[in-house]
């Protein structure tokens, strides 16, 4: 039986909620204030806490913090008779699953409860999936995870340098879960996903009227992440002109929105990732050395899949399981697994997962044999791997071949190429410039103008 704790100093409200949810199959405990609620609360036993905000002594916000500290899996819904936008923002930012204004109908409250519980179940499944995706027992992988776990206890900024597809964001999320900030938000922003003109607003927010179309004030990712962790993904793609402002925010932990002179304090831990070593970008004048040293307080490197081939078997069978849907788990033959272990996988775990997903989708049932590997050769990644990458080319030459062949296969459609490669559209654009790939006739109009 599901069990909840109802906390309200209004006796009528307590009795009504207890009777209503008891009829719905809940076991309901009640408390008159925060102190009594904490005495009755049992971590792992109570699925849900519904609490009034304004009560004598410990209020609903304080109770919520106590509950989340001792039981992060317990959902909290706040009720209040005083509608207040700042309180609502504070509630959601600090982990409330919902914030409802009295009087609230029982039907609305019951609907909210079911939505909150479904959301909690989805989050729990996602957390399990993230933990599973960190599987692997190779020494190189375990060493990297050990470094991440050690760094999780610190508030120092972290820089993860690793190739695309190695699991940088999963490791960042692991560090957040293991940190003292795990009750706060985890906010991720891809620095390569926004045009230069919009990235500043995305990160730091803007005041009303700061630019054309800014019809209202908006907080940025730094403010949204306050109390938790901010992930700056592909930080090496950040425009040079924006880097001094990022450096100042990291040093001062203060944000100034675009179009505003007012500073806002932020309490964050920053984890930055890059898929290419930043040393070369510094030498070329594309990345500030002082920003690099500010981010690189705790450096973490993740090994590419070719350096942890012993994990391929376990990863492949894991992907086969999650991509099998609700039916029987797809079985990979020993011959196929052995073939997968022989491959270099330049796209790393992401590429392996995409291959297994394709093999499962194309399977007619039964054991999936080594012939499934031939299906993958239709992709530009596999074609390049089979034809060119065993000729002793350098990593840069391999990468140029990969991007060139992918753009050929997509008739120059950058967006489709980015999807196939598992990188951002901005990364594709940068690689076109870096490698001097044709931008017109060879790849077509869509490629030149999308």
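Given the criterion farther than 20 Å from residue 318 by Cβ, in the same structural domain as residue 18 (by TED's automatic domain parsing), at pLDDT 80 or above and part of a strand (DSSP E or B), identify the matching residue among 109, 159, 78.
The unique qualifying residue is 78.
Got at least one residue in segment 295-306 being closer than 20 Å to residue 154 by Cβ and either in a helix (DSSP H, G or I) or without any contact (Cβ under 8 Å) to a residue 24 or more places away in the chain (or both)?
Yes: one or more hits.
Considering segment 269-281 alone, what residues qualify as being in a helix (DSSP H, G or I) and surrounded by fewer than 17 Cβ atoms within 10 Å (Cβ to Cβ)?
279, 280
For segment 189-198, check the following and say yes or no: at least one residue is touching a residue at least 60 places away in the same chain (Cβ under 8 Å), surrounded by 20 or more Cβ atoms within 10 Å (Cβ to Cβ) and closer than 24 Å to residue 65 by Cα.
No: zero hits.
Any chance segment 213-221 includes a residue that's in a loop (DSSP other than H, G, I, E, B), at pLDDT 90 or above and surrounded by fewer than 22 Cβ atoms within 10 Å (Cβ to Cβ)?
For segment 213-221, residues in a loop (DSSP other than H, G, I, E, B), at pLDDT 90 or above and surrounded by fewer than 22 Cβ atoms within 10 Å (Cβ to Cβ): absent.
Anything in segment 162-183 that is under 30 Å from residue 76 (Cα atoms) and either modelled with pLDDT under 90 or in a helix (DSSP H, G or I) (or both)? List them, or say none.
Residues satisfying the conditions are 169, 170, 171, 172, 173, 174, 175, 176, 177, 178, 182, 183.
Of all residues in segment 227-261, count the ones that are touching a residue at least 60 places away in the same chain (Cβ under 8 Å) and either over 25 Å from residue 184 (Cβ atoms) or in a helix (DSSP H, G or I) (or both).
Number satisfying all stated conditions: 3.
The values are calculated or read from the model by the stated rules, or taken from the named source; none is laboratory data. This structure is a prediction, so every number in the text was calculated from the model and none was measured. Positions of Cβ are backbone-derived with ideal geometry, glycine not excepted, and every protein chain shown enters the neighbour counts.
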